[in-house]
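Participant: Provided herewith is a single structure, encoded as structure tokens, for subsequent inquiry.
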Amino acid sequence: MKAFDYIEIRIPSKPQYVSVIRLTISGIATRIGFSYDQIEDLKIAVSEAVTNVVQHAYSDNEEGEIVISSALYNHKIEIMVSDYGNSFTFEEIKSNIGPYREDENIALLREGGLGLYLMESLMDEVRVNNEGGVTVFMTKYVTREQVNENVERITT
């Protein structure tokens, strides 16, 4: 038996497909058992990653593609958003986006920095690889009762 189910979707790098991905992620997350709030977090984070590709990865006259891959486990989802367009250095971009601390006003973030901030804030893990395009790996864990499977119950 496989440890996870794998789903991959390829879409044109166009803004009208962001809503398609949001709906798809919502359906997948519901299947795993995420709460409503967690599903909303997932949709926002993935939307930001896809929107970033649409806005920055390909030049205006270049037809690009976005690959959204999901590994579905019982207790988490791993989502990968990839493009083959222009790369960037995550740490460099992150350091240039303005205030990035909880005690400062989020409204002061420069344009483009809010997406990275949201992805990191809403997901449990975020990693970026920028070799040959940009790939964003995001992981979100299902928060359920904090009891492991096959644990004996103690009754009083």
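The values are calculated or read from the model by the stated rules, or taken from the named source; none is laboratory data. What you see is a predicted model, and the numbers here were worked out from it, not measured in a lab. Neighbour counts are summed over all protein chains in view; Cβ atoms, including those assigned to glycine, are modelled from backbone coordinates with ideal geometry.
Participant: Among the residues of segment 105-145, how many are farther than 23 Å from PHE4 by Cα and either exposed (fewer than 10 other Cβ atoms within 10 Å of the Cβ) or at pLDDT below 65 (or both)?
Facilitator: 10
Participant: Which pairs have Cβ atoms under 6 Å, sit 6 or more apart or on different chains, and link a residue in segment 26-49 that is over 20 Å from ASP5 (Cβ atoms) to one that is part of a helix (DSSP H, G or I) and not aliphatic (A, V, I, L, M)?
Facilitator: Listed pairs, sorted by first residue: SER47/ARG22; GLU48/GLY115.
Participant: Looking at this structure, is TYR84 at pLDDT 65 or above and surrounded by fewer than 16 Cβ atoms within 10 Å (Cβ to Cβ)?
Facilitator: Working: at pLDDT 65 or above: yes; surrounded by fewer than 16 Cβ atoms within 10 Å (Cβ to Cβ): no.
Considered against the rule, which asks whether it is at pLDDT 65 or above and surrounded by fewer than 16 Cβ atoms within 10 Å (Cβ to Cβ), TYR84 comes out as no.
Participant: Quick check on my filter: what residues within segment 1-39 are surrounded by 15 or more Cβ atoms within 10 Å (Cβ to Cβ) and part of a helix (DSSP H, G or I)?
Facilitator: Correct list: TYR17, VAL18, ILE21, ARG22, THR24, ILE25, SER26, ILE28, ALA29, ILE32, GLN38, ILE39.
Participant: Determine whether segment 146-153 contains at least one residue that is of a type outside the set (Phe, Trp, Tyr) and at pLDDT 65 or above. Lay out the reasoning, then the answer.
Facilitator: Of all residues in segment 146-153, those of a type outside the set (Phe, Trp, Tyr) come to 146-153.
Filter once more, so that each one left must be at pLDDT 65 or above: none.
Within segment 146-153, none of the residues are of a type outside the set (Phe, Trp, Tyr) and at pLDDT 65 or above.
Participant: Against the condition touching a helix residue (DSSP H, G or I) at 6+ places or on another chain (Cβ under 7 Å) and either exposed (fewer than 11 other Cβ atoms within 10 Å of the Cβ) or modelled with pLDDT of 50 or more (or both), how does VAL67 come out, does it pass?
Facilitator: Numbers: touching a helix residue (DSSP H, G or I) at 6+ places or on another chain (Cβ under 7 Å): no; either exposed (fewer than 11 other Cβ atoms within 10 Å of the Cβ) or modelled with pLDDT of 50 or more (or both): yes.
Judged against the criteria, VAL67 is not a match.
Participant: On to the next question. Counting just the residues of segment 1-30 that are of a type in the set (D, E, K, R) and touching a strand residue (DSSP E or B) at 6+ places or on another chain (Cβ under 7 Å), which one comes out nearest to GLY64 (Cα to Cα)? Steps first, please.
Facilitator: Filtering segment 1-30 for residues of a type in the set (D, E, K, R) gives 2, 5, 8, 10, 14, 22.
Remaining after also requiring touching a strand residue (DSSP E or B) at 6+ places or on another chain (Cβ under 7 Å): 5, 8, 10.
Numbers: ASP5: 26, GLU8: 16, ARG10: 10 Å.
Restricting to residues being of a type in the set (D, E, K, R) and touching a strand residue (DSSP E or B) at 6+ places or on another chain (Cβ under 7 Å), the top hit is ARG10.
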